[in-house]
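Enquirer: My structure is below; once you've seen it, I'll send some questions.
The values are calculated or read from the model by the stated rules, or taken from the named source; none is laboratory data. Here the structure is a predicted model, which is why all the values come from computation and not from measurement. Note: ideal-geometry Cβ built from the backbone for every residue, glycine included; neighbour counts use all protein chains shown.
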Amino acid sequence: PTKCHSGVTLDSFARRRFLSTPKSDDSGLLLKESYENILVEISDSEKTGGSVGIITLHRPKALNALSDALLEDLIHAAQAFDKNPQIGCMVVTGSQKAFAAGADISEMATRDFATAYKSNMFARWADVTTMSKPIIAAVNGFALGGGCELAMMCDLILAGDKAKFGQPEINLGVIPGAGGTQRLVRAIGKSKAMELVLTGSFLTAQEAVAHGLAARLFPADSLVQEAIQMGHVIASKGHISVLMAKEAINAADEMTLQEGLRLERRLFHSLFATNDQKEGMAAFLEKRDPNFTHT
């Protein structure tokens, strides 16, 4: 075993890949007969317990451009992981060259206003944000346009040291349409968001961390392994408290401070009805590791 950059020992994970055969694992994961645009894996860790679902965007010839079909595959797999009681966290990643270079322009170029409006184009993307379990975006290479928006829909962004983030839609005569003008402001502030959106310029990985868009920076070669390790750390916690923590933090963007504080207290109080609260506090007092049952 080796040490990751956070000082935690990296396990030798058992990674199970599902590609083209309909399968249901022993915890109930249901997969499509085939995924044309993603790779799906589960990483198991004997050390921490709990499993991490891994979704790799896989349109290499198109730099993982986010076609409608890819988004459907992504959302289906994420929903399956979200329903799987053994999965405690998810990781979404791409290739070292591109997390996702944007939406698929070839699908959009000939659409008119009526088509875009009546189909509520890009609304389906928001389903990524409805998952109850945490999603880590492990971003290598380009995360541009829809790729940057997809990363921001995840709960936590880890960046490879050569990653580039941006919303260059202005160069195509449009603006971001899947949250780029809204989530980017909340992540990095109005002025920097204005600069990126109005000029079409990029943020380097180092700048993304400095501005708070990404949480951590890792060498590109080890990024995905680091993300999986962080996922296992999260999956080792009591799942109910993890879900409530995610709910409370995400609510901060939508609520006043007082509303958010009331929600936080109610969620905190409700955790005293769980077995994991009893186990966690008993383990602390007894100076041992907790054995969470996620109940």
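Enquirer: Can you tell me how many residues within segment 104-147 are surrounded by 14 or more Cβ atoms within 10 Å (Cβ to Cβ), outside any helix (DSSP H, G or I) and at pLDDT 90 or above?
Expert: 14
Enquirer: Any chance you could count how many residues in segment 123-149 are touching a residue at least 24 places away in the same chain (Cβ under 8 Å) and more than 15 Å from V52 (Cβ to Cβ)?
Expert: Residues flagged as touching a residue at least 24 places away in the same chain (Cβ under 8 Å) and more than 15 Å from V52 (Cβ to Cβ) within segment 123-149 amount to 18.
Enquirer: Now for a separate question. I'd like to verify a number: residues in segment 208-240 that are of a type in the set (D, E) and crowded, with 17+ Cβ neighbours inside 10 Å, how many?
Expert: Total satisfying the criteria: 1.
Enquirer: Just to verify a result, which residue in segment 148-183, among those that are in a loop (DSSP other than H, G, I, E, B) and of a type in the set (G, A, S), is nearest to L217 (Cα to Cα)?
Expert: My answer is A163.
Enquirer: How many of the residues in segment 253-290 are part of a helix (DSSP H, G or I) and within 30 Å of Q182 (Cα to Cα)?
Expert: Here the count works out to 12.
Enquirer: Would it be correct to say that A159 is surrounded by 23 or more Cβ atoms within 10 Å (Cβ to Cβ) and farther than 23 Å from A126 by Cα?
Expert: The answer is no for A159.
Enquirer: Give the residue, chosen from K3, K32, K23, that is modelled with pLDDT under 90, farther than 24 Å from T293 by Cα and in contact with a His (Cβ under 8 Å, 6 or more places away or on another chain).
Expert: K32
Enquirer: Determine the pairs where a residue that is part of a helix (DSSP H, G or I), located within segment 186-199, has a partner that is of a type in the set (D, E) and modelled with pLDDT under 95 with Cβ atoms under 8 Å apart, the partner being 6 or more residues away or on another chain.
Expert: Qualifying pairs under 8 Å: R186/D253.
Enquirer: Please determine whether any residue of segment 50-66 is in a helix (DSSP H, G or I) and loosely packed, with under 14 Cβ neighbours inside 10 Å. Before you say what the answer is, go through the steps one by one.
Expert: Let us first name the residues in segment 50-66 that are in a helix (DSSP H, G or I), namely 60-62.
Within this subset, residues satisfying the condition of being loosely packed, with under 14 Cβ neighbours inside 10 Å are 60-61.
Scanning segment 50-66, I find at least one residue that is in a helix (DSSP H, G or I) and loosely packed, with under 14 Cβ neighbours inside 10 Å, so the answer is yes.
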